[in-house]
Amino acid sequence: MSHPSQFTLLRTRRFLPFFITQSLGAFNDNIFKQSLILAILYKLTIEGDRSIWVNLCALLFILPFFLFSALAGQFGEKFAKDALIRLIKLGEIAIMAVGAVGFMFDHLSLMLVALFAMGTHSALFGPVKYSILPQALRDEELVGGNGLVEMGTFLAILAGTIGAGIMMSSSHYAPIVSTAIIGVAVLGYLASRSIPRAAAASPEMRLNWNIFSQSWATLKLGLGQTPAVSRSIVGNSWFWFVGAIYLTQIPAYAKEWMHGDETVVTLILTVFSVGIALGSMLCEKLSGRKVEIGLVPFGSFGLTVFGLLLWWHSGGIPDSVTGHGWIEVLGFGHAWLVLIDILGLGVFGGFYIVPLYALIQSRTPENERARVIAANNILNALFMVVSAIVSIVLLSMVKLSIPQLFLVVSLLNIGVNAYIFSIVPEFSMRFMIWLLSHSMYRVEHRNLQLIPDEGAALLVCNHVSFVDALLIGGAVRRPIRFVMYYKIYNLPVLNFIFRTAGTIPIAGRQEDIQIYEKAFTRIAQYLKDGELVCIFPEGKLTADGEINEFKGGLTRILEETPVPVIPLALQGLWGSFFSRDPQKGVFRRLWSRVTLVAGPAVSVEAAEPARLQGMVGELRGAVR
């Protein structure tokens, strides 16, 4: 079943005005910040070490994220988000007016005040930016919407950086930059006026204006969420630690290891930003329009591999001539390897970061979402500061080269994410499901919209292979609690996945009465909690590809907890490696098409085993 592309969101009023507003904000941030840095380095009359002033700029922009993110999280829950965004955008116009005066009169202090204020603007906007998406988008649009936001943000950062360089190259840079930053701020405000209403989540909240106590409380709230959410915040911040190291070292790397001029810096930034945009856009397709955290280990793996390759490929460009332009650099074959590595870092960075943002948004209570995202922003800022300290220590004191720094970061990435995935094995479990459904099989599905988005339901399906549960779990957006024969549940490797997913092992009444009774107790509890439970009523794998008689256990389930029943059917698995077909082989049916079909809900009164068996048989059809 085909679905609209994520780009169709750009034709909707509930997303497009917000997308334009946030992209223009990122664009203006970087026009102003980069123009100020270039002015300090090349235009202004400054005594002393100019690099100190450049580092001060970085500090002034990041400091508001420590100071004001907690307040921003409270604002994002107490006030309507659309009105808050418009107020923030009005503030941006005033800030840019101060910055413009600074540029017109070469007044560094005014420019620095404006930079700190723009950092404050970004700190206030961040929690609103990410908490408004779940209000504006449907569940199946959340990954695509986040992908577009990340794409727009990184392309806006790139455009702002390049645009600043072009404007600052003019002898009349001051009026050009001043006009641009005010103009973009005005356009951002005008776009924000079309953002639809986004009601306050907690209008009764009392604001805590003590930024220190509230920041600590906000961090505790964020890191006190479920392990999946709290470790996603850590993973998100780790991404910014890694990204900050790479982006900070790009200018020096381009000069010292690619022997290029400033155009090579722009080339590398362009390739990295395009990679992030591409990875962010691909997330929706690879995730099947659901929050697929299985992409996070995949993204982490790619970040490590391409980081190691970047270290390995560094140093292959002759240093006989320095100051190569980007066209000259592309004449060296080794430069292409470096650029491919940087593109890979960007693409897999997109795979890593987009699902993490979507998970934080989708699994956080609405009345806490803005504050949890504020906690994420505080931790992001902390990790970015730590990344600068680590870089200084390793480069200046330990005397590592920049490629060796990349090597250390790549190895650290293995350790940090191994910790995250060990604490939250759901990441690894979802990755194995995602890998199975995208490598051994081509999984398609029909009518899965018939499975309710919320509330309890019992799913019943034919049982063809040892991986039926994995394929169903990978196709359905909601988490599912599976009931399966305890000997399959205890299979090596698969047992880890089943335990992580909360699977319920069951035995025959005559085999083990304790396992049998415990299974029905857990099934009833899951259904009472409003969850989806899936059973295979045949009680065993098919030995001939045909559907066996449905057992009476489902009748007991429905008597104890009456819920709607959704019939499912798997097509195309018979003969595959994980089935009991005696003619199966490792490569037989490899990459074959497997289809999961859902039927309309059946009421408790009509859910007799024989009738459900017939319905599942009709859904499966002649394809075994």
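The values are calculated or read from the model by the stated rules, or taken from the named source; none is laboratory data. Being a predicted model, the structure only gives us computed values, none of them experimental. Every residue, glycine among them, receives a Cβ derived from its backbone with ideal geometry; neighbour counts consider all protein chains shown.
Given the conditions (1) surrounded by fewer than 22 Cβ atoms within 10 Å (Cβ to Cβ); (2) over 31 Å from the mean Cα position of the chain (by Cα), and given that residue 36 satisfies all but one, which numbered condition is not satisfied?
Tallying (1) surrounded by fewer than 22 Cβ atoms within 10 Å (Cβ to Cβ); (2) over 31 Å from the mean Cα position of the chain (by Cα), residue 36 fails exactly one: (1).
Name the residues in segment 395-409 that are part of a helix (DSSP H, G or I) and modelled with pLDDT under 90, would you?
Going through segment 395-409, the residues part of a helix (DSSP H, G or I) turn out to be 395-397, 402-409.
Selection gives 395, 396, 397, 402.
So residue 427 fits all but one of (1) over 23 Å from the mean Cα position of the chain (by Cα); (2) buried (at least 18 other Cβ atoms within 10 Å of the Cβ); what number is the exception?
Answer for residue 427: the failing condition is (1).
Cβ-Cβ under 6 Å, sequence separation 6+ or interchain: first residue in segment 341-366 and closer than 17 Å to residue 478 by Cα, partner among the hydroxyl-bearing types (Ser, Thr, Tyr) and in a helix (DSSP H, G or I). Which pairs?
Cβ pairs passing all conditions: 356/232; 359/232; 360/232.
Are there any pairs with C-beta distances below 7 angstrom linking a residue in segment 249-278 that is under 19 Å from residue 327 (Cα atoms) to a residue that is among the hydroxyl-bearing types (Ser, Thr, Tyr), with the two at least 6 apart or on different chains, and if so which?
From residues that are under 19 Å from residue 327 (Cα atoms), the pairs are 257/314; 259/322; 269/161.
Scan the strands (runs of 3 or more DSSP E) fully inside segment 507-600 and keep the ones with 1 or more residues being within 35 Å of the chain's Cα centre (by Cα) and at pLDDT below 90. Outline the logic, then answer.
Details: elements: 532-535, 565-571, 592-598.
Result: 565-571, 592-598.
Please verify whether residue 296 is outside the structural domain of residue 477 (by TED's automatic domain parsing), under 20 Å from residue 474 (Cβ atoms) and surrounded by 20 or more Cβ atoms within 10 Å (Cβ to Cβ), treating the condition exactly as stated.
The answer is yes for residue 296.
Out of all the residues in segment 463-506, which are of a type in the set (Ser, Thr, Tyr) and modelled with pLDDT of 90 or more?
Filtering segment 463-506 down to residues of a type in the set (Ser, Thr, Tyr) leaves 465, 485-486, 489, 500, 503.
Those that are of a type in the set (Ser, Thr, Tyr) and modelled with pLDDT of 90 or more: none in segment 463-506.
Can you go through 230, 178, 192 and tell me which one is among the small types (Gly, Ala, Ser), surrounded by 15 or more Cβ atoms within 10 Å (Cβ to Cβ) and closer than 21 Å to residue 365 by Cα?
Working: 178 fails: closer than 21 Å to residue 365 by Cα; 192 fails: closer than 21 Å to residue 365 by Cα.
None of the others qualify; the one that does is 230.
Tell me, which helices (runs of 4 or more DSSP H) lie completely within segment 301-394 with 1 or more residues that are aromatic (Phe, Trp, Tyr), at negative phi and at pLDDT 90 or above? I'd like the intermediate steps shown before the answer.
Working: elements: 326-329, 333-362, 369-392.
Helices (runs of 4 or more DSSP H) meeting the threshold: 333-362, 369-392.
What pairs come up if the first residue lies in segment 118-140 and is farther than 26 Å from residue 451 by Cα, the second is of a type in the set (Ser, Thr, Tyr), and their beta carbons are under 8 Å apart, counting only those six or more places apart or on different chains?
Close Cβ pairs (under 8 Å, with a partner that is of a type in the set (Ser, Thr, Tyr)) amount to 123/69; 126/69; 127/69; 130/357.
Can you tell me how many residues in segment 159-217 are farther than 24 Å from residue 33 by Cβ and of a type outside the set (S, T, N, Q)?
Within segment 159-217, the first condition is being farther than 24 Å from residue 33 by Cβ, and the residues that meet it are 193-210, 212-214, 216-217.
Add one more test, that the residue is of a type outside the set (S, T, N, Q), and what stays is 193, 195-201, 203-207, 209, 212, 216-217.
Residues flagged as farther than 24 Å from residue 33 by Cβ and of a type outside the set (S, T, N, Q) within segment 159-217 amount to 17.
Taking residue 442 and the conditions (1) under 24 Å from residue 139 (Cα atoms); (2) out of contact with any His (no Cβ under 7 Å at 6 or more places or on another chain); (3) buried (at least 22 other Cβ atoms within 10 Å of the Cβ), which numbered condition does it fall short on, given that it satisfies the others?
(3)
Return the only residue of 474, 502 being closer than 25 Å to residue 228 by Cα, buried (at least 16 other Cβ atoms within 10 Å of the Cβ), touching a strand residue (DSSP E or B) at 6+ places or on another chain (Cβ under 8 Å) and assigned by TED's automatic domain parsing to the domain that holds residue 581.
474
Six or more apart or on different chains, Cβ atoms under 6 Å: show the pairs whose first residue is in segment 38-56 and within 21 Å of residue 160 (Cα to Cα) and assigned by TED's automatic domain parsing to the domain that holds residue 111 and whose second is basic (Lys, Arg) and at pLDDT below 80.
Matching pairs, first to second residue: 40/50; 41/50.
Do we have any residue at all in segment 168-175 that's touching a Leu at 6+ places or on another chain (Cβ under 9 Å), in contact (Cβ under 8 Å) with a residue 60 or more places away in the chain, in a helix (DSSP H, G or I) and farther than 21 Å from residue 59 by Cβ?
yes
For segment 425-451, name all the residues that are assigned to a loop (DSSP other than H, G, I, E, B) and farther than 12 Å from residue 533 by Cα. Steps first, answer last, please.
Let us first name the residues in segment 425-451 that are assigned to a loop (DSSP other than H, G, I, E, B), namely 425, 440, 447, 451.
425, 440, 447 - these are the residues of segment 425-451 that are assigned to a loop (DSSP other than H, G, I, E, B) and farther than 12 Å from residue 533 by Cα.
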